[in-house]
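Written below as structure tokens is the structure these notes are about.
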Amino acid sequence: MNLSAKTAGASSLGDAPKAIAKVGIVGTGVMGRGIAQLFAASGYEVLLYDTDRSRASEAAYSAGAMIDRDAAKGRLTADAAAMAKSRLVPTASLEPFATADLVIEAIVESLAAKRELFDALENIVPPQCILATNTSSLLVTEIAAAARHPERVCGLHFFNPAPLMKITEVVAAVKTSSETLAQATRIIESTGHTAVRTADLPGFLINHAGRGLYTEGQRIVAEGIASTEDVDLVMSGGADFRMGPFELLDLTGLDVSFNVMQQIYHQFFEEPRFRPQPFVARQYSAGLFGRKVGQGFYRYDDGKKAPSPAVKVTDFEPRPIWLDGSDEITNRLRSRLEALGIELEGGDHPDEASIIVVAPVGDDTTTMAVNRGFDPRRTFAIDPLFCDGGRLTLMGTAASRADYRDSLRGMLEASGVAVTTIHDSPGFIAQRIIATIINIACDIAQQRIAAPKDIDLGAKLGLGYPAGPLELGDKLGADTIMQILNRMYAFYCDPRYRPSPWLKRRALLNVSLISDEA
């Protein structure tokens, strides 16, 4: 195949680098087909092989159909689509891979199977050919250990669906050469994807960074603070995440996600930050995997989540509200309440019949009430860090009076804002989940698993977060995140909340979390 012909048919995403013209894909399941589609549409000739010969031909047809669909939507011209489809070449054996410049395996997640495949490929492919694995659960170093030339083995971890998830992790095994990594990065970028470099550790970068949302959300539910639905509502409606952790688990499928949770937890030698909760194991054992089976943490009808009725407080007695504090964070809550039309009582002390509202950062309502000498029966907390969206989080103490709680919630809901009421918790819901997300991202940077900019890119493109975790930490303030973590650590005495050294030092120096200086 001559390069000028290939270049003429390349899509608008960009031409393949001249050093690379032919890509081999081994394994033609959903992921293999998606990767084949991506490379064919980007100007590469793609060889497709599967131990089941019929599947390779089916994969070429399926990838071609998806390319036609892109053309119908105007993403490719008809001529570019025809050229892309012509580049999809199913093979009956691995022998044609003798002319491949890059081979990506997307076979079963078995170390023995992957090693056996790479051994066979090393007898066929040319010396300069890069061998890449799309593994998500095995270490690339384990796969490369049996290779005769481990310097040319790397990870290229795509996300499903590969053509639409515009990010790929380039994973450096222990013996991967810098030339291999540089070439692999250029290849990925030529397809229009963002390439993020990561060290070869459990979860690589993106699955590692995603632990905070899942594990802290689970911890909140396991502790009886809130329901799975309440956690999701707060994270989507209050913290501006596209989905909360449990709706996301239902989407990805607990049959896959629970195994990843356990693998990362055990592969990091029981690191407390990654600890899953027993109720999720129970859900897994019951086969409640999510959308794919019609029931998970939610019930699904024809693939759509069944609606839950919104319950509002309608029978309440309005009472005066007194807000404690005048610091910057409390004043943010004050401004929000006043914008909602909530009248706040003045004065330095609350009247005897007033509802007392506090605005803790990292503390629970009980600690605030005791430390400030307030009546715990009528003291309630509203999350001040995440009060600007369409949902407020409200919590009382173990001694709170229900009539005072209903009065406060009723007045807030009457102002037009949604309210989630939870049991007392250090850090509410959003504070503790987002602090955990940021802390884990800081430790990824501290361990030099990935560069700060790649950590944020990975979270935004791979996890769909509204902002990168380090960027979000800068926005909220490293000292604020430190306060949340320190107070949670003091309350629980659980090392999962110990702050990362990366976070500590930057909070002390008042420098950006995205700074990659030592």
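The numbers here are math on the coordinates, done by the rules we state, and not lab data. None of the values given here were measured: they were computed from a predicted structure. Here the Cβ positions follow ideal geometry from the backbone for every residue, glycine too, while neighbour counts run over all protein chains shown.
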Among the DSSP H helices of the chain, those whose Cα atoms extend at least 20 Å along the helix axis and whose mean Kyte-Doolittle hydropathy is 0.5 or higher are 430-446
Relative to the Cα centre, what is the charge dipole magnitude of the range 359-518, using +1 at the beta carbon of each Lys and Arg, -1 at the beta carbon of each Asp and Glu, and rounding to the nearest 20 debye? 220
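Roughly how many debye, to the nearest 20, is the charge dipole of the chain about its Cα centre, given +1 on each Lys and Arg Cβ, -1 on each Asp and Glu Cβ, and no other charges? Let's see the in-between values first.
On the way: 53 positive and 63 negative charges, 224 e Å.
Dipole of the chain, to the nearest 20 debye: 1080 debye.
What share of the DSSP beta bridges in the chain is antiparallel, in percent to the nearest 5?
On the way: 10 of 47 bridges.
Looking only at bridges with both residues in the chain, the antiparallel portion is about 20 percent.
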At 1.567 mPa s and 4 °C, plugging the Kirkwood radius over alpha-carbon pairs of the range 267-404 into Stokes-Einstein gives what diffusion coefficient in µm²/s? 71
Checking the range 427-493 for trypsin sites (Lys or Arg not before Pro) in a loop per DSSP with at most 13 other beta-carbon atoms within 10 Å yields ARG448
Matching label, semi-axes √(5λ) of the Cα gyration tensor in Å computed from the structure shown, candidates (i) 37, 26, 24; (ii) 50, 23, 20; (iii) 57, 28, 24: (ii)
For the residue pair SER110 and ALA306, what label-to-label distance in nm results when each label sits 7 Å from Cα along the Cα-to-beta-carbon direction? 3.9
Which percent of Cα-Cα pairs in the range 453-518 sits in each 5 Å bin, short to long? 4, 18, 23, 21, 20, 11, 2
Taking amide H positions as placed in the peptide plane 1.01 Å from N, state which residues far from LEU392 in sequence (5 or more) or on other chains have amide H under 5 Å from it. ALA418, VAL419, THR420
Please list the non-local residues whose amide H lies under 5 Å from the amide H of GLY192, H modeled 1.01 Å from N, same-chain partners needing a gap of 5 or more. none
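Can you tell me what the convex hull of the Cα atoms of the range 21-129 projects to on average, as an area in nm²?
With every direction weighted equally, the projected area is 6.4 nm².
Calculate how large, on average over all directions, the projected area of the Cα convex hull of the range 134-182 is; give the answer in nm² to one decimal.
Working: hull surface 14.0 nm².
It is 3.5 nm².
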Estimated vicinal HN-Hα couplings, Hz - the range 302-307 in sequence order (Karplus 6.51, -1.76, 1.60; Gly, Pro = x): 6, x, 10, 5, 5, x
Between the range 64-121 and the range 407-477, the Cα center-to-center distance that results, in Å: 38
Counting Lys +1, Arg +1, Asp -1, Glu -1, what net charge surrounds THR135 among other residues with beta carbon under 15 Å of its beta carbon? -4
Residue-wise, which Karplus ³J(HN,Hα) couplings in Hz belong to the range 386-401, taking 6.51 cos²θ - 1.76 cosθ + 1.60, θ = phi - 60°, and x for glycine or proline? 10, 10, 8, x, x, 9, 9, 10, 10, 8, x, 10, 5, 9, 4, 7
For the range 367-518, what does the alpha-carbon gyration tensor say about shape, rounded, prolate or oblate, given a ≥ b ≥ c as the root eigenvalues, a/c under 1.5 as rounded, and a/b over b/c as prolate? prolate
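Contour minus end-to-end for GLU343 and ASP479, with contour as 0.36 nm per residue of separation and end-to-end as the Cα-Cα distance?
On the way: separation 136, 0.36 × 136 = 48.96 nm, distance 3.11 nm.
Full-extension gain reported as 45.8 nm.
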Which cross-chain or sequence-distant (5 or more) residues have an amide H under 5 Å from the amide H of ARG299, H modelled 1.01 Å from N in plane? ALA306
By average C-beta atoms within 10 angstrom, highest first, the peptides 298-309, 372-383: 372-383, 298-309
